[in-house]
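Participant: Pasting a structure here, questions to come.
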Amino acid sequence: MATLEELESLVIKGKAKKVTAAVQELVDEGVSPSEALNTMIGAMGIVGEKFKNGEIFVPEMLVAAKSMKSGVEVLKPYLASGEVGALGTVIIGTVSGDMHDIGKNLVAMMIESKGFTVVDLGVDVPKEKFVEACIEHPEAKVVALSALLTTTMGAMEETVELLNSQEFRNRIKIMVGGAPVTKEFCEKIGADAFTQDAASAAEKAKELIGA
C-alpha cells in the first residue's frame, strides 16, 4: 500500500503516473482526500525551496507540478466542491504583445499547487481582457501579470493603470513578474507586489490574501 511519505516523494521526483496510482490507492485505503492534497501541496513547497536554492531547475519544477496536477485530477471527484482551489481564484496572463508562456505557466502551476483556482488567459492578452476576467470572476482575489520583454513593460503598465481605475480594484491584488520587471517598476506602475520567481509568486499570492 502507498503511504503519504511515498506520495510526497513521487511528487518531488515528478512521477506523474505513479502519483496518480498512489493517490487512488491512498483514497481507496481510507486516507482523506484533503490529507492527500495537503501532502502534495507540501511536496510542492519542498520543490519550490529547492528551486529557490538552485538545487533544481525549471524542467524539474515543471515535471513536479505536472505530477501534482495528475494527482489532483484523481482527487477532484472526492473533494467537496470548492475544496480544490479553496484559497480563492487567481487570474493570470502574459501582457499584450508578449508571446512568452513558460514563466507564466510555471507560476500558474505553483499557484495552483498552493490550493488556488487559476484562470489562465494565455499570452498576448489585451488589457481589456484582464478587466473582463475580473468582472466574470467576482471571486478572484489576485491578478498576476507577466512580461518577458522590455518592449512589453509598457503594456504591463497600461494594464495595471486600467485595472487601477476599475470599481473592483479594492477587492483584487495585482502581482507582476518576468525577467525585465523590478520591484521599483512594480511600485512605479501601482501594482501591489513583485516576485522574482515562480515559487516566490505562489507564496506571495497566499500572503496577499492573508492565507
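Laboratory data are not the source of any read-out in this text; all were calculated from the coordinates shown. Remember, it's a predicted structure, so these values are computed and weren't measured experimentally. Positions of Cβ are generated from backbone atoms using ideal geometry, with glycine treated the same way; all protein chains shown enter the neighbour counts.
Participant: Amide H to amide H, which residues 5 or more places from LYS173 or on other chains are under 5 Å from it, using H placed in the peptide plane?
Facilitator: The answer is VAL142, VAL143.
Participant: I need the GluC sites (Glu not before Pro) found in the stretch 56-142, filtered to DSSP loop residues with at most 16 other beta carbons within 10 Å of theirs.
Facilitator: Hits after loop and neighbour filter: GLU83, GLU139.
Participant: For a quick check: with amide H placed at 1.01 Å from N, whose amide H comes under 5 Å from THR195's, ignoring anything fewer than 5 positions away on the same chain?
Facilitator: VAL176
Participant: Report the label-to-label distance for ALA21 and GLU136 in nanometres (one decimal), using points 7 Å from each Cα along the Cα→Cβ vector.
Facilitator: Distance between label points: 3.9 nm.
Participant: Let me ask something else about it. Looking only at GLY54, GLY14, GLY93, which one moves most when the chain is put into a Gaussian network model with springs between Cα atoms under 10 Å?
Facilitator: Judging by the Gaussian network model, the answer is GLY54.
Participant: If one takes the longest principal axis of the Cα atoms in the chain, at what angle in degrees, from 0 to 90 and to the nearest 10, does the Cα axis of helix 4-13 lie?
Facilitator: 50 degrees
Participant: Just round it to a whole percent: the fraction of Cα-Cα distances in the chain exceeding 33 Å.
Facilitator: Here the long-distance tail beyond 33 Å is 17 percent of all Cα pairs in the chain.
Participant: From the square roots a ≥ b ≥ c of the eigenvalues of the alpha-carbon gyration tensor of the stretch 89-208, which class results: rounded (a/c under 1.5), prolate (a/b over b/c), or oblate?
Facilitator: It comes out rounded by the Cα gyration axes.
Participant: How much length is gained on full extension from ASP28 to ILE102, taking 0.36 nm per residue of separation minus their Cα-Cα distance?
Facilitator: This chain segment gains 23.1 nm when fully extended.
Participant: Which of LEU163, THR182, LEU208 sits closest to the plus end of the dipole of the stretch 141-211, meaning its Cα is farthest towards the positive end, when Lys and Arg get +1 and Asp and Glu get -1 on the C-beta?
Facilitator: The one lying farthest along the dipole's positive direction is LEU208.
Participant: Please identify, among ILE12, ILE135, ILE92, the residue showing maximal mean-square fluctuation in a Gaussian network model of the chain using a 10 angstrom Cα cutoff.
Facilitator: Residue with maximal mean-square fluctuation among ILE12, ILE135, ILE92: ILE135.
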